[in-house]
Amino acid sequence: MTHPFDTLWINARLVTCNNGYGIIDNAAIASKDQRIAWLGPMEQLPDQARALAPHIIDAKQRCITPGLIDCHTHLVFAGNRANEFARRLQGESYANIAASGGGIQSTVRATRELDETELLQQSLPRAKALMDSGARVLEIKSGYGLDLETECKMLRVAGRIGETLAIPVRRTFLGAHAVPPEYQGNADNYIRYICNELIPLVAREKLADSVDVFCEHIAFSLQQTREVFACAEQYQLAIKCHAEQLSNMGAAALAAEFGALSADHLEYIDEQGVTALASSGTVAVLLPGAYYFLRESKTPPVALLRKHQVPMAIASDCNPGTSPVTSLKLIMNMACVLFALTPEEAMLGVTLNAAKALGMEQSHGSLSVGKCADIVLWDVNHPDELSYTVG
Ligand code: DI6
Ligand code: FE
C-alpha cells in the first residue's frame, strides 16, 4: 500500500511560529521526503491516519515546534578558560585579561596546536549538547585561528560537525575577532591580510557563508570593520557583526548599511542604530549568555527593538570566554529573566527570527508546508514551559 506521507504525528499541539506562537490545537503534521507535507487540525486530515503514513506518532497533546536554531556560536575551539573565570571573580576585568595575553589569544594558542581530528573531538560534544536542547541548525564561527591555516581548519571542523550530526551548519568567517600576535600593534595590516588573502581563499574554497567582525574598542574599529564588509560584499558573502557589546561604536548602523543578515549583542545600541536595523531588515541577535557570564549590567534596549519592529533572535554565543553555554533552552530562560523577553519572543528568537538571521527562513524556522520537517516533539503541554524551566 502506498501512503501519501512518510511520517504522521497526530494529537499534537502545533507551535507553528507563524504569527507568534501560531498554535494549532489537536492537530496533525505530516512529512514526505523530509519536508512538511501537510499540517492542520485532526478533523481536517484527508483520510484515516493509518492510510496516510506508514509511521504514526501519537503526540498525546504535547507540543511540536520547528527544530530550534542556534544562530550565533563559536563552538569550535580548544581547551577552556576556567582560570580566567576565576580571575574575573577576583575582580579582574575581561578587557584587562585580554590585554595581558589571555582572553581570545589564549584560545587562539590552544586552537592552533590541535590537528583537525583533535579539534573535532573537543568541539563535537558541544554541538551534540546544543542538539540535546532542541537545536537542529547551528551557526559556527571561526576566529580562534587568526591565520590562514587555523581559520580554514576551524571552518572545516565546523563542516564536519554538520556532516557527523546530519544537520545544517552555517559557517561564518570571523578572522576579524582579535589581532593575532604576528600583527600586534599593526591591526591595519592584519585587516589587509584578511581582505587580500583570507576572504578570497574562504570564498574560493566555499568554507563559509558569511563574514563577521568584532567591532569594539578592544578589537576592530568602525573603519576596519567597513573594509572587511566591503570585501565580503565583493565576494558575495553574507554579513554579520558583533556590534555594540561593550560600547556604542555605530557598528549596527554600519551593518545595516551593508544589508547585514544580523547585528549581534547590541547592549549599547541607541535608537539611531535600532532604526537603521529596522530599515534594512537586519535581525537583532541578543546573547544573554555573554551578558550573564560577564556579569554585565546594561541590557539591550528590547523596548526600542519592539517599538521599531526589529526581529529579535537569541543565541547561545557558545564560546570559552564569555558564554560557555550549550543549552538553547537555558538561553530562552535567560532571555526572559535577564532581558524581559516574553516566552513567545524567546521561542521566535530560536526559530523564525534565528532562521532569518541565517538567511534560511525559506526552508526553516516555522512549521509550514514545504519547509524542512526536522521538528521537535517536546514533553510539554504549553510552549511557555520551554522558557520557564531553567536549562
Ligand atoms: N564577543 C564575545 O563575547 C566573544 N567574542 C566576541 O566577539 C568572546 C570570545 C572569547 O572571549 O573567547
Ligand atoms: Fe560571539
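Worth pointing out:
- Restricting ARG88, ARG13 to those that are open to solvent by less than 60 Å² (accessible area, probe 1.4 Å), charged (D, E, K, R) and in contact with a helix residue (DSSP H, G or I) (Cβ under 7 Å, 6 or more places away or on another chain) reduces the list to ARG88.
- Residue pairs whose Cβ atoms lie under 7 Å apart, separated by 6 or more positions or on different chains, with the first residue in the stretch 259-271 and on the phi > 0 side of the Ramachandran plot and the second small (Gly, Ala, Ser) and more than 12 Å from ligand 2 (Cβ to nearest atom), are GLY259/SER280; LEU266/ALA252; LEU266/ALA284.
- Candidate set: the stretch 36-85, residues that are open to solvent by 30 Å² or more (accessible area, probe 1.4 Å) and of a type in the set (S, T, N, Q); chosen: the one nearest to ligand 1 (Cβ to nearest atom): ASN80
- Residue within the stretch 81-100 that is in contact with a His (Cβ under 7 Å, 6 or more places away or on another chain), within 28 Å of GLY349 (Cα to Cα) and within 16 Å of ligand 2 (Cβ to nearest atom) present: no
- Some residue of the stretch 156-169 being modelled with pLDDT of 95 or more, buried (at least 24 other Cβ atoms within 10 Å of the Cβ), out of contact with any Phe, Trp or Tyr (no Cβ under 8 Å at 6 or more places or on another chain) and over 28 Å from ILE375 (Cβ atoms): no
- The strands (runs of 3 or more DSSP E) located wholly in the stretch 1-91 that include 1 or more residues which are aromatic (Phe, Trp, Tyr) occupy 7-15, 35-41.
- THR225 vs. criteria more than 13 Å from ligand 2 (Cβ to nearest atom) and in contact with a Ser or Thr (Cβ under 9 Å, 6 or more places away or on another chain): no
- When the stretch 354-384 is filtered for residues that are touching a Cys at 6+ places or on another chain (Cβ under 8 Å) and either polar (S, T, N, Q) or open to solvent by 50 Å² or more (accessible area, probe 1.4 Å) (or both), the ones remaining, listed by number, are SER363, SER366, LEU377, ASN381, HIS382.
- From GLU244, GLU216, GLU233, residue being in contact with a strand residue (DSSP E or B) (Cβ under 9 Å, 6 or more places away or on another chain) and more than 15 Å from ligand 1 (Cβ to nearest atom): GLU233
- The residue that is least open to solvent (accessible area, probe 1.4 Å), counting only those in the stretch 311-349 that are out of contact with any Gly (no Cβ under 7 Å at 6 or more places or on another chain) and among the β-branched types (Val, Ile, Thr), is THR322.
- Among the residues making up the stretch 93-145, those that are in a loop (DSSP other than H, G, I, E, B), modelled with pLDDT of 95 or more and at negative phi are LEU114, ASP115, SER133, SER142, TYR144, GLY145.
- Of the helices (runs of 4 or more DSSP H) entirely within the stretch 278-373, those holding at least 2 residues that are out of contact with any Pro (no Cβ under 6 Å at 6 or more places or on another chain) and within 16 Å of ligand 1 (Cβ to nearest atom) occupy 288-293.
The values are calculated or read from the model by the stated rules, or taken from the named source; none is laboratory data. As the structure is a computational prediction, the values presented were derived from the model and not from experiment. Please note: Cβ atoms are built from the backbone with ideal geometry, for glycine as well, and neighbour counts cover all protein chains shown. In case anyone asks, the SASA skips ligands and DNA or RNA and just uses the protein heavy atoms, side chains included. Shrake-Rupley method; radii C 1.70, N 1.55, O 1.52, S 1.80 Å.
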